[in-house]
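What follows is a short report on a single structure.
The values are calculated or read from the model by the stated rules, or taken from the named source; none is laboratory data. Just so we're clear, the structure is a prediction, and the values are computed from it rather than from any experiment. Cβ coordinates were reconstructed from backbone atoms using ideal geometry, including for glycine residues, and neighbour counts include every protein chain displayed.
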Amino acid sequence: MPPNTMDKFTWTIRNFSKLNTEKHYSEVFSLGGCQWRILVFPNGNNVNHLSVYLDAADSANLPQSWSRFADFNLTLINQINSNYSLTKKSLYLFNGGESDWGFTSFVPLDNFRDPINGYLVKDTCIIEAEVTVIKVGVDNEDDQATGITTTTKIFEDGDGQVEVEGPKHEDQGKEPADPALFKELKNMPSTDINELVDFRDLGEAEKAFVPLLEEVCSWYPSLIECQRKRSRMFTQWAFTALGRVLHFLKTTKVKNMTKDECEHLQVLWEELKVFKFELSWLEPHVEFALGMKTYLENEEQVTKLKDSVAALDKLIKRVKENMAVVEEEVGDEKRKYLANLEEGFKERDMYTELGICRLRRTYSILT
């Protein structure tokens, strides 16, 4: 079997809503010459997401020092439209300390449970595992990759080809997440690193990394030198991990550095550090991009405060307008009330005598 060919196992889970266990395992299956199981947390592994992992099923029977380096995909099948099946990928070194690996936040439970989305239909879900076990000897500690994980959403078009959304035309020329890095690299002569890495086997998405990798390798030759004693396959993984970070910084705009994007970059950065590149030149640019999370959070808070002040101003204006209307209405009622009181009322001089003396004079005349 060619090294980049993946074996596939399909697991159909029926009566999903009736699962009453925290963890649910598939039957044991053999892919890449090793025994595996798929593990799901039906209600999430301490998160509000469906959690899905690949588990080394025979780990209990293996020596303590066992390990296997696997390239695997886990796919949640969309039963309404397979073009929208959700696939997540990972490279990982399974060993005695970590016999399962996967994705704690595979898909939000609300999205998963809604039949209209196609993932859970008639209380049935389908999960596929594709696994390639890499037969690569690791002969020193530098090559002990403790865990390499990537997350990718794959949407296939009608003829089954993978489409990866690139930068839109209107975004061309706009500032990337860290413009300084690519100003430094601009117009630098490229270096062919095909002596170490066979880029022909890369997917269409990863091939976009090649120009960036050639640029940085021409600027920092140590990137090539530190990989010369490694296996060709390991080196390809290493430069693919580097390419992911470079491509992220090149194509992601400051305005798009949301919490999720920052977390994604953090994962890519942690993966890259596993390969022991000398990355002091790249670290400031990554930190700058990650710092955008705080900036955007502060900007969002300021925007919310401005909106609150504007809302209060509108409320005050509305209250004043209402008060003016009320004052006018009260004034009208007051005037009407006073007019009614004054009608038929004759004003008198409050300082005149009540008339007792005048009454006595009238009485004297009569007598």
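Quick notes
- Of all the listed residues (114, 55, 110), the sole one being in contact with a Leu (Cβ under 7 Å, 6 or more places away or on another chain) and of a type in the set (D, E, K, R) is 55.
- For the range 106-143, filtered to residues that are hydroxyl-bearing (Ser, Thr, Tyr) and part of a strand (DSSP E or B), the residue that is modelled with the highest pLDDT is 124.
So that you can scan it fast, the table gives a plain yes or no per residue for (1) under 30 Å from residue 220 (Cα atoms); (2) in a helix (DSSP H, G or I); (3) modelled with pLDDT of 80 or more:
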{"position": "264", "(1), (2), (3)": "yes, yes, yes"}
{"position": "269", "(1), (2), (3)": "yes, yes, yes"}
{"position": "272", "(1), (2), (3)": "yes, yes, yes"}
{"position": "304", "(1), (2), (3)": "no, yes, yes"}
{"position": "349", "(1), (2), (3)": "no, no, no"}
{"position": "363", "(1), (2), (3)": "no, yes, no"}
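- Of all residues in the range 17-38, those satisfying the criterion of being surrounded by fewer than 19 Cβ atoms within 10 Å (Cβ to Cβ) and not in a loop (DSSP other than H, G, I, E, B) are 17, 18, 24, 25, 29, 30, 34, 35.
- The condition of being under 19 Å from residue 115 (Cβ atoms), assigned to a loop (DSSP other than H, G, I, E, B) and in the same structural domain as residue 107 (by TED's automatic domain parsing) does not hold for residue 45.
- Any hit, the range 89-98, residues being at pLDDT 85 or above, assigned to a strand (DSSP E or B) and assigned by TED's automatic domain parsing to the domain that holds residue 56: yes
- One residue from 296, 312, 338 being surrounded by 10 or more Cβ atoms within 10 Å (Cβ to Cβ), closer than 30 Å to residue 252 by Cβ and of a type in the set (A, V, I, L, M, F, W, C): 296
- Subset of the range 61-81 (residues that are over 23 Å from the mean Cα position of the chain (by Cα) and closer than 20 Å to residue 117 by Cβ): 79, 80, 81
- Residue that is surrounded by the most Cβ atoms within 10 Å (Cβ to Cβ) [pool: residues in the range 220-243 that are over 32 Å from the mean Cα position of the chain (by Cα) and in a helix (DSSP H, G or I)]: 224
- For first residues located in the range 263-282 and assigned by TED's automatic domain parsing to the domain that holds residue 231 and more than 23 Å from residue 228 (Cα to Cα), partners that are of a type in the set (Asp, Glu) and surrounded by 14 or more Cβ atoms within 10 Å (Cβ to Cβ) and lie 6+ apart or on another chain with Cβ distances below 8 Å do not occur.
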